[in-house]
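The values are calculated or read from the model by the stated rules, or taken from the named source; none is laboratory data. Note that the coordinates shown come from a computational prediction; the quantities given were computed from them, not determined experimentally. Backbone-built Cβ (ideal geometry, glycine too); neighbour counts: all protein chains shown. For accessibility, only protein heavy atoms count, side chains too; no ligands or nucleic acids. Shrake-Rupley method; radii C 1.70, N 1.55, O 1.52, S 1.80 Å.
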Amino acid sequence: MPYQTNESLWGPEHQIFRETVRKFIENEVDPHVDEWVENHDTPREFWLKAAKAGILGVDIPEEYGGPGGDFLFRLVIAEEIGYSIAGASMAPSLIADGTSEIVYRSANEEQRQKYLPPMVRGEMLFGLAITEPDSGSDVSSIRTTAKRDGDEYVINGAKTYISQASIADAFMVVARTSDVPGAKGLSMIIVEADRPGFVRGRALKKMGTKASNTGEISFQDLRVPVSNLLGEEGRGMNLCLGGVNMDRITWPLIAHAASQRAFEETVEFVKNRKAFGQTIFDFQNTQFKLAEIKTELAVGRAFLDDVIRDYKEHGRLDTQKCAMAKMWLPEMEARIMDTCVQLHGGAGYMDEYPISRLYTAARLHRIFAGTAEIMRLLVARSI
Ligand SMILES: Cc1cc2nc3c(=O)[nH]c(=O)nc-3n(C[C@H](O)[C@H](O)[C@H](O)COP(=O)(O)OP(=O)(O)OC[C@H]3O[C@@H](n4cnc5c(N)ncnc54)[C@H](O)[C@@H]3O)c2cc1C
């Protein structure tokens, strides 16, 4: 059964696109995802195929090689990835295409012309490198430096937990360009991976989302031209923050769609599995748990729809509501996934059952793109 979503939110063009994404996942992801999970990576051809299917850079304007759609196309992708079992293993990989939106929003004309067309064609992969071994939620403590030397920056430092670290061709690196302490000294600089001094570290082994690459990179006296600076010096944090609402609605949508899928997988399982002469579904405990899940799903979806409707009506996402969504939906998902695993019994712990992969993937959603605690801080500021 396809993911049921409020049809009034989407135009006919989004619904057609939804079918495209569904077919792409069915034909190009589902058959291969187990192999990718084994390798902890998504192969390079995947990006070319995704581009050919028209699902990269969906909101990039035509003059830069994109189809010029609106942001809602990205949300359609999020829902379809979230609902698919394969998506549980590789969502961060495909969502990393959001880097094209950051380039579009932050770059000057020359940079847009240079980077966006190959990104949309799947020929150039970008990563976003903010997190460091000693700096995660507290971005202002970033230590990587980019020191000006004539018309070049000399970059030194290390980044970790970076999506696409082993495979990306270039990274948007947040680095310190001045001695001004805190976030004001930070800038965002494009670093191509073929420059001398660029070092790829380990690909990290994760508990879930195993088909999506995550790893380490470092820079040793790496030189880039000053023209690789995105925006202005000292505005790196602002460029990061400019896209946070996008992440803070995308991941809650993925969390909701994955929870819906977990619910459906569990209903199917408990109606077939028997114990003590009846199906697991026949126990009142099971029915009560499923009733609670169904209700949480409806409540969560109503809030998400409200956030999306805001965007449709005002052309922008509401920062407070996005923080609330990023805080609440992944926690709803955690409750649902835990109950669904429990209702599966031992099968729920086995990798061959979809619920197991949905469960480990869900654990990520409370951590990255801003932890649940950081979202609480943001919401609390408005009280
Ligand atoms: C699979 C995966 C992919 C990732 N991809 C990328 C990527 O592509 N690029 C990138 O730059 N980063 C990426 N990250 C990193 C991610 O953004 C960070 O892990 C996240 O921001 C949290 O930072 P941290 O791990 O350093 O935890 P910390 O910031 O050290 O936090 C540890 C704990 O302390 C809590 N905490 C921190 N500050 C406060 C506070 N003020 N009040 C209360 N509690 C607090 C946190 O909520 C958390 O529970 C990825 C991470 C993962 C797991």
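Structure data summary
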{"quantity": "Spatial separation of Cα centroids for the stretch 240-263 and the stretch 317-383, in angstrom", "calculated": "9"}
{"quantity": "Estimated FRET transfer efficiency (Lys274, Glu35; beta-carbon r; R0 41 Å; 0.05)", "calculated": "0.75"}
{"quantity": "Net charge of Cβ neighbours under 14 Å - reference Asn238; Lys, Arg +1; Asp, Glu -1", "calculated": "+1"}
{"quantity": "Filtered GluC sites (Glu not before Pro), the stretch 280-383: DSSP coil and at most 14 other beta carbons within 10 Å", "calculated": "Glu352"}
{"quantity": "Prolate/oblate/rounded call for the stretch 243-380, Cα gyration tensor, a/c under 1.5 rounded", "calculated": "prolate"}
{"quantity": "Efficiency of FRET from Cβ geometry, Glu192 and Ile16, R₀ 35 Å, rounded to 0.05", "calculated": "0.45"}
{"quantity": "Inter-site label distance for Asn156 and Phe283 at 7 Å from Cα along Cβ, in nm", "calculated": "6.1"}
{"quantity": "Portion, in percent, of the accessible area of the stretch 126-232 that falls on carbon or sulfur, probe 1.4 Å", "calculated": "49"}
{"quantity": "Rounded accessible area per residue of the stretch 48-195, 1.4 Å, Å²", "calculated": "36"}
{"quantity": "With Cα atoms, 0 to 90° folded angle of helix 12-24 axis to the chain main axis", "calculated": "90"}
{"quantity": "Accessible solvent surface per residue of the stretch 213-311, calculated while the other protein chains remain in place, 1.4 angstrom probe, Å²", "calculated": "45"}
{"quantity": "Relative contact order %, the chain, counting alpha carbon pairs below 8 Å whose residues are six or more apart", "calculated": "16"}
{"quantity": "Degrees between helix 109-120 axis and first principal axis of the chain (Cα, 0 to 90, nearest 10)", "calculated": "40"}
{"quantity": "The chain - mean residue ellipticity at 222 nm from DSSP helices (-39,500 (n - 2.57) per run, n ≥ 4, rounded to 500)", "calculated": "-15500 deg cm²/dmol"}
{"quantity": "Relative contact order (percent, whole number), the stretch 126-232, Cα cutoff 8 Å, 6+ residue spacing", "calculated": "31"}
{"quantity": "Net lengthening on full extension, Asp306/Asn238 (0.36 nm per residue, minus Cα-Cα)", "calculated": "21.9 nm"}
{"quantity": "Cα shape, the stretch 7-120, gyration tensor, a/c 1.5 rule", "calculated": "oblate"}
{"quantity": "Extension gain, Ser178 back to Glu62 (0.36 nm per residue minus Cα-Cα distance, nm)", "calculated": "38.1 nm"}
{"quantity": "Which of Gln260, Gln278, Leu230, positive extreme of dipole for the stretch 224-320 (C-beta unit charges)", "calculated": "Gln278"}
{"quantity": "Within the accessible area of the stretch 334-383 (1.4 Å probe), percent carbon and sulfur", "calculated": "58"}
{"quantity": "Additional length obtainable on full extension of the chain from Gln342 to Glu109, 0.36 nm per residue less Cα span", "calculated": "78.6 nm"}
{"quantity": "Rounded to the nearest 10 Å², the accessible area of Glu110 at probe 1.4 Å", "calculated": "140"}
{"quantity": "Label-point gap, in nm, between Ala380 and Ser227 - each point 7 angstrom along Cα→Cβ", "calculated": "4.7"}
{"quantity": "About the Cα centre, charge dipole magnitude for the stretch 7-120 (Lys/Arg +1, Asp/Glu -1 at Cβ), debye", "calculated": "220"}
{"quantity": "Met332, Met237, ranked by accessible area, largest first (probe 1.4 Å)", "calculated": "Met237, Met332"}
{"quantity": "Rounded FRET efficiency, nearest 0.05, which uses the C-beta distance separating Met1 from Glu352 and R0 of 22 Å", "calculated": "0.55"}
{"quantity": "Where Arg235, Arg366, Arg143 fall by accessible area, highest first, once all protein chains stay in place (1.4 Å)", "calculated": "Arg143, Arg235, Arg366"}
